[in-house]
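Before any comments, here is the structure.
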Amino acid sequence: MLDIKLIQNDFDSVCEKLRKKKVSEETIEDLRKISLELKTKRALLEPLQAEQNASSKLFGVWAKEGKDINELKEKLSLNKQKISTLNSEVKEIENALSSLALTVPNLPDDTVPNGVDENDNVEIKRVLTPPSFDFEPKEHWEISQNWIDFQRGVKLSKSRFSVLKNEAAKLERALINYMLDFNTKRGFSEVAVPYIVNRETLQGTGQLPKFEDDLFKIEGEELFLIPTAEVPVTNLFRDEIISESELPIKMTSYTACFRKEAGSAGRDTRGMIRQHQFDKVELVCITKPQDSDKIFDEMVECASDLLTSLGLAHRHLMLCGGDLGFSAAKTVDLEVWFPGQNRYREISSISNTRDFQARRAKIRYKDSKKNRLVHTLNGSSLAVGRTLIAIMENYQKKDGSIEIPEVLKSYM
RNA sequence: GGACAGGUGGGUGAGUUGGCUGAAACCACAUCCCUGCUAAGGAUGCGUACUGGUAACGGUACCGAGGGUUCGAAUCCCUCCCUGUCCGCCA
C-alpha cells in the first residue's frame, strides 16, 4: 500500500512514478480526493464526540449530586443522533479509501528502466557461457528417460500437472536439499510454513484483493493455497513490532506453490515450465530501510551463485516498469540457458518491495524512539522444477542420458 | 466436532455491582545519577494510529473482530475468530 500522505503532499511525483507501472492519474486523484474528504469529515465528527464525552462525564457527576439532568440528557440524545450519522459516513469513506488503496501497485524505484513489457527489460550481465553440443540438443520433454510423466499428471488432476519418476523424483528432492543448504550457508535460516493461508495473509503481501483469480481457493473456507512461500514467510511478522537488534531477518523456505495461471492461457503449455503446482525454495528478508539495497544485492548474488555452482549459464535482467510486479519497487530476474529451447528462461525473480508490503501487513521495527516500517524482500533461490529441466537440457548426452551435476551427487 | 474457561499496552498481568482507568504493578527498553569491575542500586520517561498547534500542549479512535444496549462500556447483550483444558476423531 502506498503512503497516503505522500499522495497528498507529492501528488505529481507519485503520478509520474506510477505512469511507469501503467496506473492512470485518475486513480491517484481519486485516492487523494477520498483521503481529503475523510479528513474533512473527521474534523466535523471529532468535536462532536469531544463534546459528547465531556457532557457524559458531567452527566455522571450531576446525577450523583442529585441535580436535574433531564435537559442535559435531551441535549446528549440529540447529539448522539448527529454523531451516529456522521460516523457511518466516515466509515463509508474509510472503506472506500482502503479498498481503492489496496488495488494500487507499488512505486517503482528511480533506477527502474522505462518500458512496457518483458522486451524492454535490461540485461545487466551474463554468467557462464552456454554449453556447446556436437548434436542437436533436445527440449526436456523430448529427452526420453522416463523422468516426467505428463499424461498421468493430467489424468490425476488436469492439464499443467505432471508426475516425476525415477531419477527425476530423486533429483527434485536433491535439489531442494541442496538449495536449502546453500542458502543456509549464506546466512538464511530455514523455516517451514503452512501451504494454506487466509485472506489477511494474502492481503499483506499484495495478492489480494486484486489477484484472487490467480489463486486456488479452498471451497467452503476463506482459505487459499499459497502461490509462493513469500506469502506465509513474509507474513510471519504481520502485525508485529520487531526489535531493531533482530534485523535483518534472513529466511529461506521450501514450499510447493500453486497458481491458476489464469492469464497464461496457451503459454508454455508444453513441458514443465509452467505448472499449476511446483516446488520452489524462496528467500525472504526483513530489513531496516537503509539496509534493503545491500540485502537485495546479497539475495541476487546468492541465487546467481547457486546457479553457477550447478554449472548453469544464466543472465541477470533488470525488469522495466511495465514488467514489474504489483508489490515490487525493483526486480532482478535471473534467466537460465535452455539449450533445447535455444534461449534464456526465467528461473528466479528477486524483488525489493520496500515498505509496500510492510505497510499492508503492519510489519514494523522499534528504533530507539519510534516504530518504523521495515522493508521486505523476496526472491527465488530457486524454482526447483525449472532447475530440474534446465539440468536435463544442459547436461544431456547424445545417447539421451543425463549427467548429474557434481555438487548434487552427494544428495542423490 | 462437543463441553467449560479465557482473549487487556513490546512481554507478564490487575481491572468485569457501567462513569474519577487509555488502563495499576512488574519485566523489557531509553536517558540520567551513584558505584566501580565481571554485578548491583536510584531517578525520570515509555502503547498505537489519525488529527489541531511554530511549540508548549490538546482532540478523536482503539482493551481479539464486528454489531447492539446506554447520556456514558475493557466492563452488559449478540455474532464470528482465536487460545487453553477435558471429550470425540485421526496422520
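Brief remarks on what is shown
- The range A:4-101, relative contact order [Cα under 8 Å, separation at least 6], %: 32
- For A:Met251, net neighbour charge (Lys/Arg +1, Asp/Glu -1) across residues whose Cβ lies under 9 Å away: -1
- Other-chain or far-sequence residues with amide H under 5 Å of A:Ser348's (modelled H): A:Leu334
- Partners for A:Lys64 among lysines (Cα-Cα distance below 20 Å; same-chain residues under 8 apart left out): A:Lys73, A:Lys75
- Here the relative contact order of chain A, from alpha carbon pairs under 8 Å that lie six or more residues apart, stands at 20 percent.
- Length gained when the stretch A:Lys217-A:Asp297 is fully extended (0.36 nm per residue, less Cα-Cα span): 25.3 nm
- Within the accessible area of chain A, the carbon and sulfur atoms contribute 48%, probe 1.4 Å, all protein chains present.
- For the range A:4-101, the dipole from Cβ point charges (+1 on Lys and Arg, -1 on Asp and Glu) about the Cα centre works out to 280 debye, to the nearest 20.
- Charge dipole of chain A about the Cα centre (unit charges at C-beta), most positive-ward option of A:Asn166, A:Leu156, A:Asn371: A:Asn371
- Projected label distance in nm at A:Ser84 and A:Phe326, using a 7 Å step from Cα toward the beta-carbon: 3.8
- Straight-distance crosslink candidates among lysines, where the alpha carbon sits under 20 Å from A:Lys398 and sequence neighbours closer than 8 are dropped: A:Lys138
- Over chain A, accessible surface divided per residue gives 50 Å², non-protein components excluded, 1.4 Å probe.
- Relative to one another, the C-alpha centroids of the range A:155-183 and the range A:41-64 are positioned 65 Å apart.
- Computed label-point distance, nm, for sites A:Arg152 and A:Gln277 using a 7 Å Cα→Cβ extension: 1.4
- Given R0 = 30 Å, the distance between the Cβ atoms of A:Ile69 and A:Ile241 translates into a calculated FRET efficiency of 0.10.
- Cβ-defined net charge surrounding A:Glu222, 12 Å radius [Lys, Arg +1; Asp, Glu -1]: -2
- Residue pairs, from the table A:Lys125/A:Lys294; A:Lys185/A:Lys280; A:Lys158/A:Lys409; A:Lys5/A:Lys39; A:Lys21/A:Lys362; A:Lys170/A:Lys280, whose Cα atoms sit over 22 Å apart: A:Lys158/A:Lys409; A:Lys21/A:Lys362
- For the pair A:Arg173 and A:Lys33, label points projected 7 Å from Cα toward Cβ lie 6.0 nm apart.
- Centre separation in Å (Cα based) which lies between the range A:73-151 and the range A:185-202: 18
- Rounded to the nearest 20 debye, the dipole size of chain A about its Cα centre is 780 debye, using +1 on the Cβ of Lys and Arg and -1 on the Cβ of Asp and Glu.
- Compactness of chain A, taken as the C-alpha radius of gyration over 2.2 N^0.38 Å, stands at 1.23.
- Neighbourhood charge, 14 Å Cβ-Cβ cut-off, centred on A:Ser132 and excluding it, Lys, Arg +1 and Asp, Glu -1: -1
The values are calculated or read from the model by the stated rules, or taken from the named source; none is laboratory data. Quick caveat: nothing in here was measured; it's all calculated off a predicted structure. Heads up, the Cβs are rebuilt from the backbone with ideal geometry, glycines too, and the neighbour counts pull from every protein chain shown. In case anyone asks, the SASA skips ligands and DNA or RNA and just uses the protein heavy atoms, side chains included. Shrake-Rupley method; radii C 1.70, N 1.55, O 1.52, S 1.80 Å.
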